[in-house]
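Engineer: Mind having a look at this structure? Questions to follow.
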Amino acid sequence: MSSPATCREADDLLTQFVREHRLPDEYRQLATEYWLPLSNRLASMFDGHTLVVGINGAQGTGKSTMAAALAMFLGNLHDLKTVVISIDDLYLTRAERSEMARVLHPMFQTRGVPGTHDLRLAMALIRALKAAGSESDIAIPRFDKAVDDRRPEAAWHHHHGRVDIILFEGWCVGTTAEPATQLKQPINRLEADEDAQGIWRSHVNASLAGEYSQLNAMIDFLVLLQAPDFETVYAWRGLQEEKLRASMPDGTHLMDQSALARFIQHYERLTRHNLATLPQLADVVFSLDKRHCIRRARYREGVS
């Protein structure tokens, strides 16, 4: 921080942020200790060309809240025009996934894994944001998880003007393809029962090796929120669904415990793969414990 006045400004921003997002007061310390220095580092990297920052973390790690905090600091303390986009808003429509399920494999009806996102839309959006000028008006897609479908374009958010930093968050942002040998054995009951021939997981992996690698190549700086293990991720995802149910009581596609257990198994293979591989690939790793506290922050050697 450059001055005491800036420190006071950051503290005031956090007070409002914690209130608006209904966060525990402890979040102030986490944001001050970790997100504020990261925002300063990202600001120092900005050289006039739009910086694309990928944020990877399993379900429940706090990616969305972290991205919002970073955007607040970057905008208010550094005057950088920052846009947050989520890969969750870039799913294929329900109808498009139904067609994939009919043609390729029934498991593609379930959103989430690589192959179920609209990669052309994602890459076109990032290119448009990077090329934005003072008069630009960029429509940013939105997905409604309560009805499991993309919202109509009239409900999309619009960003006006230039973009200095794009914060691109998602559970498979930056994820790499697995070695083919790892695909042979099913990793859970879902794969054993419904993908015995490995057709679904092989297509997921081929998607990662193809278009998703092109999307990942657009990322300039990768942040990893590292969960302790998959079992903790499972518990955190359950808490997310409870919150969604509380906020959307009339939702027609919210999941009960049985449906949630099956849903999460779609993510297990690549969540475990991410936990094993991304710590070596990310530019900064924030290691979380089971209580969502950060145990350690490690910046890759050579990252200024």
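The values are calculated or read from the model by the stated rules, or taken from the named source; none is laboratory data. The structure presented is a predicted model; accordingly, all values stated were derived computationally and were not measured. Note that we place each Cβ from the backbone using ideal geometry, even for glycine, and neighbour counts take in every protein chain shown. Each accessible area value is taken on the protein alone, full model and side chains, heavy atoms only, with ligands, DNA and RNA left out. Shrake-Rupley method; radii C 1.70, N 1.55, O 1.52, S 1.80 Å.
Engineer: Can you order the peptides 17-26, 79-88, 256-265 by their average number of other Cβ atoms within 10 Å per residue, highest first? Each step should come with its number before you reach the end.
Structural biologist: Details: 17-26: 12.2, 79-88: 19.8, 256-265: 14.4.
Packing order, densest peptide first, comes out as 79-88, 256-265, 17-26.
Engineer: If you wrap a convex hull around the Cα atoms of region 70-172, how much volume per residue is inside, in Å³?
Structural biologist: Measuring per residue, one finds 104 Å³ for the Cα hull of region 70-172.
Engineer: Might you work out the accessible area of H157 for me, using a 1.4 Å probe with all protein chains in place, and round it to the nearest 10 Å²?
Structural biologist: My reading of the accessible area for H157 is about 90 Å².
Engineer: Provide Rg and Dmax in Å for region 1-155, with only Cα atoms included in the calculation.
Structural biologist: 18.3, 61
Engineer: How do the peptides 182-190, 139-147 rank, highest first, by the average count of neighbouring beta carbon atoms within 10 Å per residue?
Structural biologist: Packing proxy ranking, top to bottom: 139-147, 182-190.
Engineer: Something else: Counting only heavy atoms of protein chains, what accessible area per residue, in Å², does the chain have with a probe of 1.4 Å? List each step's numbers first, then the result.
Structural biologist: On the way: 14540 Å² over 304 residues.
Accessible surface, normalised per residue, equals 48 Å².
Engineer: According to the Kirkwood expression over distinct Cα-Cα pairs, how big is the hydrodynamic radius of region 98-154, in Å?
Structural biologist: Taking the inverse mean of 1/r over all distinct Cα pairs, region 98-154 comes out at 13.4 Å.
Engineer: Which percent of the accessible heavy-atom area of the chain goes to carbon and sulfur, probe 1.4 angstrom?
Structural biologist: Roughly 50 percent, rounded to a whole number.
Engineer: Turning to a different aspect of this structure: For the chain, with the dipole built from +1 on Lys and Arg beta-carbon atoms and -1 on Asp and Glu ones, taken about the Cα centre, which of G115, Q226, L74 lies farthest toward the positive end?
Structural biologist: Positive-end residue among those listed: Q226.
Engineer: If one computes P(r) from the Cα atoms of the chain, what percent of pairs lie at distances over 27 Å?
Structural biologist: 43 percent
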